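Asker: So that we are looking at the same thing, I have put the structure below in structure tokens.
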Number of protein chains: 2
Amino acid sequence: MSLFVTKDTPVTDSVLTVIAHLPTKSLSKTVEAGFFQKLSDADFMRIAVLLAQKSYDEGGCPIGGVVIDNATRQIMGKGHNTLVQENHPYNHGETSAIRDAGRIDFSKTTIFTTLSPCDVCATLIYMRQFARVVVGDVTSASGNEDMVRSKGVQVDILEDQMGIEIYSKYRAEKPDQDNEDWKGLAEVCKHHSH
Amino acid sequence: MSLFVTKDTPVTDSVLTVIAHLPTKSLSKTVEAGFFQKLSDADFMRIAVLLAQKSYDEGGCPIGGVVIDNATRQIMGKGHNTLVQENHPYNHGETSAIRDAGRIDFSKTTIFTTLSPCDVCATLIYMRQFARVVVGDVTSASGNEDMVRSKGVQVDILEDQMGIEIYSKYRAEKPDQDNEDWKGLAEVCKHHSH
């Protein structure tokens, strides 16, 4: 049986959406390895953005992450923020993708994140010794890029306009949810008690 | 129907083991609120240690955590490291208990952790604005206590000898697993390639 997505399938948002929604373990049964090998960094960032879009559509925080193997360019893990979906008080795009990847050697991988990593995710990225992190939005920045670089991780900025727009729209719509996702419900309660 | 554990039930390791093993949501159906109100900090630390023991018995890393409400002394969340059990590359005692608690205001809570928090957990504790953290083992220390204090969190040391012994035994038995849990599989691979 031939796979549905082959190395010759054109790279479109439609096919990247299928990849974003498929469980990671299902990718080897549905997508030819050669398809991933032709994807650019911007394409992997777009998959992370489509995961953010999925989360937005579910009422959640639109932040996504993708971990790839540097040698093979295959996806090792991916995910999106699940504050709302899992009632999860700290699962961001990066933690979600890293959890999905499981117990692998992250020093052979790159993580794509649609948003500048928070203090916790930035710390996890250097503690798990990632070779590289690619950030899709420093317009809404945490400013942790230099800290992560100082720990020996390569940090690249590759902004995705679609991701920036989704996050900016969400932030205007749900400022309390955004605040909780960043600094916890304590921060939201503090502001509302004034 | 009266609850099995009442405010008059003596505090023993046996009953604390039941509490450690029960799902958090089941506690209000099985344990009278008054029982928790009479527990000391050392008793909550012992529950965290019994969660560490559970993880050790499952072949995992013996580190546990418990989150309680400061006013009511009820347990809001608890858990243990799941590196092995969930193939989870960063779920420590603290992250496990915080995940279990869900979206609550952590500024009204205390977290008991059997082991000095790693960089990621220490960062999460101040980012979620915990009022207080109680550490059960600084003999095997990360040294993050001062950093967490500098962020405005009260840090208390309350060593539990049983917890220190379990962790120390485990470390001697499974040094690679301990190293992976702390610095990722990258660190283990680095050492083995020498």
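The values are calculated or read from the model by the stated rules, or taken from the named source; none is laboratory data. It should be emphasised that the depicted structure is a prediction, and the values quoted were computed from it without experimental measurement. We place every Cβ from the backbone using ideal geometry, glycine too, and count neighbours over all the protein chains shown.
Asker: For A:Ile104, state whether it is hydrophobic (A, V, I, L, M, F, W, C) and either modelled with pLDDT under 95 or within 28 Å of B:Glu86 (Cβ to Cβ) (or both).
Answerer: So A:Ile104 passes the test.
Asker: Oh, and also: I'm trying to understand the selection: among the residues of the stretch A:77-97, which are closer than 17 Å to A:Leu27 by Cβ and within 11 Å of another protein chain (Cβ to nearest Cβ)?
Answerer: Passing the criteria: A:Gly77, A:Ala97.
Asker: Mind listing just one residue for me: the one in the stretch A:78-114 that is of a type in the set (Gly, Ala, Ser) and farther than 15 Å from A:Gly64 by Cβ and, of those, surrounded by the most Cβ atoms within 10 Å (Cβ to Cβ)?
Answerer: This residue is A:Ser107.
Asker: Could you check the stretch B:98-116 and list, in sequence order, the residues that are away from chain A (no Cβ under 11 Å) and either assigned to a loop (DSSP other than H, G, I, E, B) or among the polar types (S, T, N, Q) (or both)?
Answerer: Scanning the stretch B:98-116 gives B:Thr110, B:Thr113, B:Thr114, B:Leu115, B:Ser116.
Asker: So if I check each of A:Gly143, A:Gly152, which one is small (Gly, Ala, Ser), at pLDDT 95 or above, more than 19 Å from A:Ile75 (Cβ to Cβ) and in a loop (DSSP other than H, G, I, E, B)?
Answerer: A:Gly152
Asker: Moving on to the next point. Only one of these is more than 30 Å from B:Gln177 (Cβ to Cβ), within 9 Å of chain B (Cβ to nearest Cβ), at pLDDT 95 or above and not in a loop (DSSP other than H, G, I, E, B): A:Glu165, A:Glu180. Name it.
Answerer: A:Glu180
Asker: Say we look at the stretch B:37-52 and pick out the residues that are free of Cβ contacts under 8 Å to residues at least 40 places away in the same chain and in contact with a Leu (Cβ under 8 Å, 6 or more places away or on another chain); which of these is surrounded by the fewest Cβ atoms within 10 Å (Cβ to Cβ)?
Answerer: In this case the residue turns out to be B:Asp43.
Asker: Of everything in the stretch B:10-36, what is over 18 Å from B:Asn91 (Cβ atoms), without any contact (Cβ under 8 Å) to a residue 24 or more places away in the chain and part of a loop (DSSP other than H, G, I, E, B)? Give them in sequence order.
Answerer: Hits for the stretch B:10-36 are B:Pro10, B:Thr12, B:Leu22.
Asker: When only residues in the stretch B:183-194 that are modelled with pLDDT under 95 and outside any helix (DSSP H, G or I) count, which is surrounded by the most Cβ atoms within 10 Å (Cβ to Cβ)?
Answerer: If we take residues in the stretch B:183-194 being modelled with pLDDT under 95 and outside any helix (DSSP H, G or I), then B:Ser193 is surrounded by the most Cβ atoms within 10 Å (Cβ to Cβ).
Asker: Just to be sure I understand the filter: pairs with C-beta atoms under 9 Å, separated by 6 or more residues or on different chains, first member in the stretch B:134-146 and at positive phi and surrounded by fewer than 17 Cβ atoms within 10 Å (Cβ to Cβ), second member among the small types (Gly, Ala, Ser) and part of a loop (DSSP other than H, G, I, E, B). Which pairs pass?
Answerer: B:Gly143/B:Ser116
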